[in-house]
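Asker: One structure, as structure tokens, below. Some questions next.
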Amino acid sequence: MKDLAVESPLNEQEICVKCGFCCDGTLFSYAVLQAGEQGNLPEKIEQNYSKEDGREFFKLPCSYFCGKCTIYDQKRASICSAFRCQLLKDFSIDKITQANAMRIIDNAVKFRDEIYLLYREIFGNDYRLSFRNLLVDLAKYGNDAFEDDPLNQSIELLRIKCNIYETLLIKNFKSIKNFERLISTSMEET
Ligand code: SF4
Ligand code: SF4
């Protein structure tokens, strides 16, 4: 969601242009709005506006995302310029190189494509869901939804892949604290 035209150093722009995970529904289902922003936002963001428990947000994937932000030179939500994922923060303090950041994104795109392919093989649905919408869709099918059906194994495999993918997203793109919390919770459970 970085304001690519105005704020980011060129090498950060290259990373974000290759990625887009914070706009396309891979990392998040919604983007938080500041108080007072509603009513003054691009039309399609207004259309996806929602409010819950006093928090205001718009739903993702963003309708302005088409490979990259298509309105980066216009007034957008404040989060669009403010958000920086963990990967970008790590890069900005030289914790990872640009080549490594690009490789992480490449691998994440390939893994996500594998998940989409498996989803479509199972459900025969050629509509391309975002990763977060795919998780919501998958949750509709309980563990015994296809009892005694060979589909069960494929759905279980899809669930495992989604869990691994989510862990990788947390590790690489969300906060280190979230990842450490995830690891310690898993260890407590074993
Ligand atoms: S307007 Fe949409 S596509 Fe553009 S940066 Fe914001 S969330 Fe991303
Ligand atoms: S997830 Fe991070 S690297 Fe990807 S577009 Fe958003 S800020 Fe840039």
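The values are calculated or read from the model by the stated rules, or taken from the named source; none is laboratory data. For clarity, every value in this text was computed on a predicted model and none was experimentally measured. Every residue, glycine among them, receives a Cβ derived from its backbone with ideal geometry; neighbour counts consider all protein chains shown. When the accessible area is computed, the model is the full protein with side chains, heavy atoms only, and any ligands, DNA or RNA have been set aside. Shrake-Rupley method; radii C 1.70, N 1.55, O 1.52, S 1.80 Å.
Asker: Leaving out same-chain residues fewer than 8 places away, which lysines sit with a Cα under 16 Å from that of residue 174?
Answerer: Once the sequence-local lysines are set aside, what remains near residue 174 is 2, 89, 95.
Asker: May I pose another question? At 7 Å along Cα-to-Cβ for each site, give me the label-to-label distance between residue 161 and residue 10 in nm.
Answerer: According to this spin-label approximation, the distance is 3.8 nm.
Asker: Next question, about the same structure. Given 0.36 nm per residue, what is the gain on full extension from residue 154 to residue 82 after removing their alpha carbon distance, in nm?
Answerer: Length gained between residue 154 and residue 82: 22.0 nm.
Asker: Students often check this: by mean Cβ neighbours within 10 Å, which of 26-35, 132-141 ranks highest, and how do the rest follow?
Answerer: 26-35, 132-141
Asker: Can you classify the stretch 1-135 as rounded, prolate or oblate using the Cα gyration tensor, where a ≥ b ≥ c are the square roots of its eigenvalues, rounded means a/c under 1.5, and otherwise it's prolate if a/b beats b/c and oblate if not?
Answerer: Cα axes put the stretch 1-135 in the oblate bin.
Asker: Another one. How much of residue 84 can a 1.4 Å solvent probe reach, expressed as accessible area in Å² and rounded to 10?
Answerer: Its heavy atoms expose roughly 70 Å² to the probe.
Asker: Once you put a point 7 Å from the Cα of residue 133 and another 7 Å from the Cα of residue 51, both along the Cβ direction, what distance in nm separates them?
Answerer: 2.6 nm
Asker: Show me 164-172, 52-60 ranked by packing, highest mean number of other Cβ atoms within 10 Å first. Mind showing how you got there, number by number?
Answerer: On the way: 164-172: 17.1, 52-60: 14.1.
Going from most to least packed, we get 164-172, 52-60.
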